[in-house]
1. Could you list, in sequence order, all residues of the range 126-145 that are of a type outside the set (A, V, I, L, M, F, W, C) and touching a His at 6+ places or on another chain (Cβ under 7 Å)?
2. Of all residues in the range 133-142, how many are in a strand (DSSP E or B) and either surrounded by fewer than 24 Cβ atoms within 10 Å (Cβ to Cβ) or modelled with pLDDT under 95 (or both)?
3. Need at least 1 residues that are over 24 Å from Val136 (Cα atoms) and among the polar types (S, T, N, Q) per element, so show me which helices (runs of 4 or more DSSP H) inside the range 1-66 make the cut, counting only ones lying wholly within it.
4. Has the range 88-96 got at least one residue that is within 25 Å of Ala146 (Cα to Cα) and in a helix (DSSP H, G or I)?
5. Condition first: surrounded by fewer than 20 Cβ atoms within 10 Å (Cβ to Cβ) and in contact (Cβ under 8 Å) with a residue 40 or more places away in the chain. Can you find one or more residues in the range 66-80 that meet it?
Amino acid sequence: MRKEIKDFLKSDKMVLYLPRDHSRDVMSQWTSVRNVLVAPINFLLANFAKIIPCSNWISAFYRLFFRMKIGKKVAFVQIYPDYLLPEAIEIGDDTTIGWKAKLMTHEFTQDFQRFGKIIIGKNVLIGGFSVVRCGVKIGHNSIVAACSFVNKDIPPNEIWGGVPARRIEKRFKHNSNGKPACAEIDLLTV
């Protein structure tokens, strides 16, 4: 099944479903698609990245060791990229990801294994402690409130929050003169 993962990463598909091998327990499924050393090594690398003091260096570290696609001027400190398939994560320029946000590129159920890409657009803010599910696109200029669970695509220029995340409002409203003005919202009340 490792070939299916490689083909999936090269394709335009956002989600890949693979059948579960019922001769194994649910949590051991990942060993059928990745080398058994990948997750433990990525765990150690991700924990090392937590002590790197500068976002630029962390971005370079994730690009080099996790093969993540990370744009310019991306800011984050302690995030949790998925240890099993971090190369399925793409983060656009000028994006900020809050403290301990999780970017999950896989999940297992009783019947199947689900792998998905995460594509985060440009100038996005993802609040701390949020979780982004596999197979999700977050549009340019969007905001995700802290402690949210993003389980579906977020269009550009919208503010979302909650568990599960839902649309709160458009990010940019228009003044009487027709020019966009930033929407004011207290993201802590979501």
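1. Taking the range 126-145 first, the residues of a type outside the set (A, V, I, L, M, F, W, C) are 127-128, 130, 133, 135, 137, 139-142.
If the condition is that a residue be of a type outside the set (A, V, I, L, M, F, W, C) and touching a His at 6+ places or on another chain (Cβ under 7 Å), then no residue fits.
2. Residues of the range 133-142 that are in a strand (DSSP E or B), as a first pass: 136-138.
If we keep only those that are either surrounded by fewer than 24 Cβ atoms within 10 Å (Cβ to Cβ) or modelled with pLDDT under 95 (or both) too, we end up with 136-137.
Total meeting the criteria: 2.
3. 38-49, 55-66
4. For the range 88-96, residues within 25 Å of Ala146 (Cα to Cα) and in a helix (DSSP H, G or I): present.
5. Looking through the range 66-80, at least one residue is surrounded by fewer than 20 Cβ atoms within 10 Å (Cβ to Cβ) and in contact (Cβ under 8 Å) with a residue 40 or more places away in the chain.
One line per residue, one yes/no per condition, for (1) buried (at least 17 other Cβ atoms within 10 Å of the Cβ); (2) hydroxyl-bearing (Ser, Thr, Tyr); (3) at pLDDT below 95:
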| position | (1), (2), (3) |
| --- | --- |
| Val131 | yes, no, no |
| Ser148 | yes, yes, no |
| Trp160 | yes, no, no |
| Ala181 | no, no, yes |
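The values are calculated or read from the model by the stated rules, or taken from the named source; none is laboratory data. None of the values given here were measured: they were computed from a predicted structure. Ideal geometry is used to build each Cβ from the backbone, glycine not excepted, and the neighbour counts take in all protein chains shown.
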